[in-house]
Each structure stands twice: as C-alpha cells, then as structure tokens.
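The values are calculated or read from the model by the stated rules, or taken from the named source; none is laboratory data. Every value quoted in this text rests on a predicted model; they were computed, and no experiment measured them. Backbone-built Cβ (ideal geometry, glycine too); neighbour counts: all protein chains shown.
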Amino acid sequence: MTTPAVAAPEITRTVRPSPPLGPRLFRLGITVAVLVPLTWSLLGLEVSWEQVISAPGDMWNIVKRMVPPDLSAEAVQRALPKVMESLWIAWIGTMIGAFFSFFLAFGAARNVGPPWLATSIRQVLNAIRAVPELLVAMVLIPVTGLGAWTGTLALGIHSIGTLGKLSSEVIEGIDQGPVEAVAAVGGSRLQQIRFGVVPQVMPNIVAYWLYRFEINIRASAVLGVVGAGGIGAELVSQLRFRDFPRAGTVLFLTVVIVLAIDAVSARVRRRIISGEPEAGPVALFAAMAVWQRIVTAVLGAGTLVLIVFLMVQLQATPV
C-alpha cells in the first residue's frame, strides 16, 4: 500500500508595505533644512582646506609654548587675583539675574499671569537674550567705565533674560492640584502662588541659578577682553606680548577653579533636584574599587599640594 503524496504547502510571499509618503517627505525636509544652511554657512566662512588641516598643528604649537606654565610668585600674584575677580563678577551677576528674573518669570508664565502681561514680559526677556554679554558690556562701558562693575552688570542683565525664560517654563509645567487646593480653602491669588506654585518650582529654579553661575564664570573671562574686569584682560595682555608661559598660568588657574566650582555646583544641583542626600566623600571612597581609590588619593593629594603651593606663592616676595 502506498502512501499518497502530500502536496507541499504553498509558500506565500510576504509583501512589505511601503511606508507612508508623509513621514518620508517630513524626514527629507528635515534633512534638507539641516544640510542646506550648513553648506551655506561653510561656504560663507571662506575657510580653505589648508587652514582646516593646519589648524590642529597650529593650536598644538601654541599649547606647547604654554607648557609648563609660569608659576613664579610674581605670575601667581598677578593672575590669581584676576581669576578671583572673574569669580566675584560671575557671582554678583548671577545674583542680579536671579533676583529680577524670579519675579518676571511669574508674569511671563501663561498659567499665572494674564495673557497680555505674559506676552509683553516674554518679548522683553527675548530682547534681553538677543544681545550677547559682550555687546552689553561694550554699551555699558561709556556709562560705567572700565572695570568689574561693567562686567557684573552685563552678566546680570543677560542672566535676567535667560533665567526668566527658563523659570517661566518651569512655572508653566506645574501641577495645578496644589493651586486649586489653596484656592478651595479661600486663598488669595498671591497665596496660591506662594503656597501652590513656589514650593513646586524652587528646586528647578535654584538648579538653573547654579547652572547659570557656571556659565557666567566662563563669560566673565571673555568680558575682560573689552576691559570689563576679570581675567580676560590679563590673558590678552600676555598673549599680545607673546609671554606664553604667563598665559599658560592664567589658563591653568582659570581651568582649575572652574572645574572645582563645576564639581561642587553639580553635586548641589543633584541634591536640590532629587531631594535626597547623596553619599558623602568617605562613603563614596569606600565603595570604589582599589584602582579608583589610588587614583582618587593621588588626585586629592595633588590638589592639596597645589593649593598649598599657590598660598605660599601669594605670600612670597616677587624676585
């Protein structure tokens, strides 16, 4: 008896549907919108390929001239006070921006202030942000003169625009539940903002203040180029006279202080936003691997030696 042959199942071809035309056109439009301005900008720079190829070598040549930096008593005593002046300029400028932007942000938030007020304040904040700190300082120099006060005002004015914009967006993203609860028990509009809005937005707003302080430290170094105080004037002066070791001293001290402030500020921001305490330095050190402990110990000892060395140089009599 023979078994009847079983017909092989018919293999059906799966036809993959083509993607919709709309998303493809959208992706193509985005690509063109990025590439066309990029190409146009590169052509407008009028930079030759020889300049692009030689740029890394030229930069490395300048860096080699700055290393090692001049850490003599005279160089440190001249550069470190200017670096600290940039730090004070950034701090006071941030405080000015934080104070005024805090109140303007509530008026600029559409869920707090009336529409006409929110639109007006937003346009004012946009106009402030449209002018860079450097141009603000150049406008203020004929009024306030050369010096740290000009740089402080320039950073403060520009910080108002940036912090006001960011803070208003935080206010617009709040949960309306606490505000409605305060209103339900008879709270006034001011009390709704005080007890329903402010507690929700303060962690993020303070984090923005700290972040803006980090930005202002870098910006204050640039403002010195136009005579608005800070370390920029000292750096330009040393580069103008081709004293690269002294310029290396300025850059070295600036980078060290900025890195230290960034590390502390980042930790404070994380603590404010998360609301939970982080592990202390001792606990973090104990949780590290052996090689990480060695690296951390070496870096910590090097930092301590550098601080002591700078303090000694500040007290020493220049030769």
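Summary of values
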read-out	value
Scope region 237-263; condition of a type in the set (K, R), over 20 Å from L310 (Cα atoms) and part of a helix (DSSP H, G or I); matching residues	R240
Residues of region 308-319 satisfying the condition of being surrounded by 12 or more Cβ atoms within 10 Å (Cβ to Cβ) and assigned to a helix (DSSP H, G or I)	F309, L310, M311, Q313, L314
Answer residue from region 244-299, given it is among the charged types (D, E, K, R) and under 30 Å from G232 (Cβ atoms) and is surrounded by the most Cβ atoms within 10 Å (Cβ to Cβ) among those	R246
G186 vs. criteria in a helix (DSSP H, G or I), farther than 18 Å from R271 by Cβ and without any contact (Cβ under 8 Å) to a residue 60 or more places away in the chain	no
Count - residues of region 61-83 that are among the small types (G, A, S) and either surrounded by fewer than 17 Cβ atoms within 10 Å (Cβ to Cβ) or not in a helix (DSSP H, G or I) (or both)	2
The one condition in (1) of a type outside the set (S, T, N, Q); (2) free of Cβ contacts under 8 Å to residues at least 60 places away in the same chain; (3) under 30 Å from M138 (Cα atoms); (4) part of a helix (DSSP H, G or I) that L223 fails to fulfil	(2)
Candidate set: region 149-165, residues that are small (G, A, S) and closer than 16 Å to W209 by Cβ; chosen: the one nearest to the chain's Cα centre (by Cα)	S159
Wholly enclosed helices (runs of 4 or more DSSP H) of region 84-180 bearing at least 1 residues more than 25 Å from I231 (Cβ to Cβ)	115-130, 148-172
Some residue of region 12-26 being modelled with pLDDT of 80 or more and either under 28 Å from G232 (Cβ atoms) or surrounded by 10 or more Cβ atoms within 10 Å (Cβ to Cβ) (or both)	yes
